[in-house]
Amino acid sequence: MSAVPTLAPADDVGELLERLGDVPPARVRLRPLPGTATEADVLAALEAPRKRICELIDGVLVEKAVGFRESRLAVVLIRLLDFFVTARNLGLVTAPDGTIRLWAGRVRIPDVAFFSWDRLPGRRLPDEPIPTLAPDLAVEVLSRSNTPAEMRLKRQDYFAVVVRLVWEVDPATRTVSVYTAPESPIVLTEADTLDGGTVLPGFTLPLRDLFAELDRQG
């Protein structure tokens with residue numbers, strides 16, 4: 001694991017938002033106060049009457065950006081990846097509420113993630129609600145309120161704990177950016193085929209088929 005990035009304390013709201021990746025203010029929870037939130041607050045938000053999926057960034061709860069179309073693409077990816085992984089007993093695939101602790105004070109929730117058995121303690125499904133884990137593959141399906149700075153911070157977090165592969169799926173442009181490092185992705189279009197590389201050898205997905213889900217009709 002490389003040195004993990006941390007956020008310095010902010011002096012004002014503008015600086016706080018900048019340090020969180022210029023996220024819209026509406027996604028920053030004020031209860032508990034920024035800088036005081038804990039993992040217990042992450043779990044409480046999930047269990048509240050109005051369920052909120054929030055990541056924890058240095059004591060700040062940041063609500064994940066969500067959307068109906070984004071959810072549909074995540075479901076398709078989960079189904080295809082889980083079928084591939086389960087058939088070969090490669091590990092586990094998690095969904096958009098699969099909380100993971102990257103390090104103390106940093107909880108991320110990829111929209112989809114793949115964990116090989118070697119990355120799971122005892123090669124078993126963890127019992128704790130927020131296990132300390134680093135996925136082999138993290139997938140983020142972009143919503144309108146995701147900012148470039150926010151996604152850059154997420155990638156820095158993932159690769160700091162040796163995530164091997166990150167896919168950023170953009171429904172607006174119908175592209176997938178493939179990262180094996182925090183910057184300089186390979187950008188695939190609907191004309192291309194996404195593959196699992198060395199993380200999931202043999203997995204392929206024509207992106208035309210994935211993004212066709214956005215055009216489905218009854």
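The values are calculated or read from the model by the stated rules, or taken from the named source; none is laboratory data. Please read these numbers as outputs of a predicted model, since none were measured by experiment. Neighbour counts are summed over all protein chains in view; Cβ atoms, including those assigned to glycine, are modelled from backbone coordinates with ideal geometry. We work out accessible area using only protein heavy atoms, side chains counted, and drop any ligands, DNA or RNA first. Shrake-Rupley method; radii C 1.70, N 1.55, O 1.52, S 1.80 Å.
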**OP:** Just subtract the alpha-carbon distance of Val162 and Ala95 from 0.36 nm times their residue separation and send over the number in nm, one decimal.
**Re:** 22.1 nm
Original post:
Just the accessible area per residue of segment 43-106, please: how many Å² with a 1.4 Å probe?
Top reply: 49
Original post:
Under a point spin-label approximation (7 Å from Cα along Cα-to-Cβ), what is the Ala104-Ala172 distance to one decimal in nm?
Top reply: 3.8
Original post:
Say each of Ala40 and Arg69 gets a label point 7 Å from the Cα, pointing the same way as Cα to Cβ; how far apart are those two points in nm?
Top reply: 4.1
**OP:** Can you give me the three principal axis dimensions of segment 65-125 from its C-alpha atoms, in Å, biggest first?
**Re:** 36, 35, 11
Original post:
Semi-axes, largest first, in whole Å: what does sqrt of 5 times each Cα gyration tensor eigenvalue give for the chain?
Top reply: 27, 20, 17
Subject >> Cα-based Rg and Dmax for segment 91-179, where Dmax is the largest Cα-Cα distance (Å) >> reply: 12.9, 41
Original post:
With a ≥ b ≥ c the root eigenvalues of the C-alpha gyration tensor of segment 1-119, is it rounded (a/c under 1.5), prolate (a/b larger than b/c) or oblate?
Top reply: prolate
Original post:
How much accessible surface area, in Å² rounded to 10, belongs to the heavy atoms of Ser116 with a 1.4 Å probe?
Top reply: 20
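Work out the FRET efficiency for Trp117 and Thr204 from their Cβ-Cβ distance, taking R0 = 25 Å, and round it to the nearest 0.05. Before the final figure, lay out the partial values.
On the way: r = 22 Å, r/R0 = 0.88.
So the FRET efficiency works out to roughly 0.70.
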Subject >> Accessible area of the chain belonging to carbon and sulfur atoms, whole % at 1.4 Å probe >> reply: 55
Original post:
Using alpha carbons only, how many degrees (0 to 90, rounded to 10) separate the axis of helix 68-88 from the longest principal axis of the chain?
Top reply: 60
Subject >> Using alpha-carbon coordinates, inclination of helix 148-160 to the longest axis of the chain, degrees >> reply: 80
Original post:
If all Cα-Cα distances of segment 97-144 are sorted into 5 Å bins from 0 onward, what percent lands in each bin, rounded to whole numbers?
Top reply: 5, 21, 30, 26, 12, 4, 2, 0
Original post:
Using the Cα atoms of segment 35-102 to build a convex hull, what is its mean projected area in square nanometres?
Top reply: 5.6
Subject >> Estimated dipole of the chain in Debye, rounded to 20 [Cβ of Lys and Arg +1, of Asp and Glu -1, Cα centre] >> reply: 460
Original post:
Taking the chain as a Gaussian network, Cα atoms linked when under 10 Å apart, which of Phe203, Phe68, Phe115 shows the biggest mean-square fluctuation?
Top reply: Phe68
Subject >> Gaussian network model of the chain, Cα within-10 Å springs - most flexible of Pro126, Pro96, Pro34 >> reply: Pro126
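If I stretch the segment between Ala191 and Asp127 completely, what's the gain in nm (0.36 nm per residue apart, minus their alpha carbon distance), one decimal? Spell out each step's value before the answer.
Values: separation 64, 0.36 × 64 = 23.04 nm, distance 4.12 nm.
So the chain would gain 18.9 nm between Ala191 and Asp127.
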**OP:** Would you mind telling me which residue in Arg164, Arg27, Arg123 has the biggest mean-square fluctuation in a Gaussian network model of the chain, where springs connect alpha carbons within a distance under 10 angstrom?
**Re:** Arg123
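Hey, what number do you get for the chain at 222 nm if only DSSP H runs of n ≥ 4 count, each worth -39500 (n - 2.57), divided across all residues, to the nearest 500?
Working: 5 runs with 55 residues, N = 218.
Calculated from helices alone, the mean residue ellipticity at 222 nm is -7500 deg cm²/dmol.
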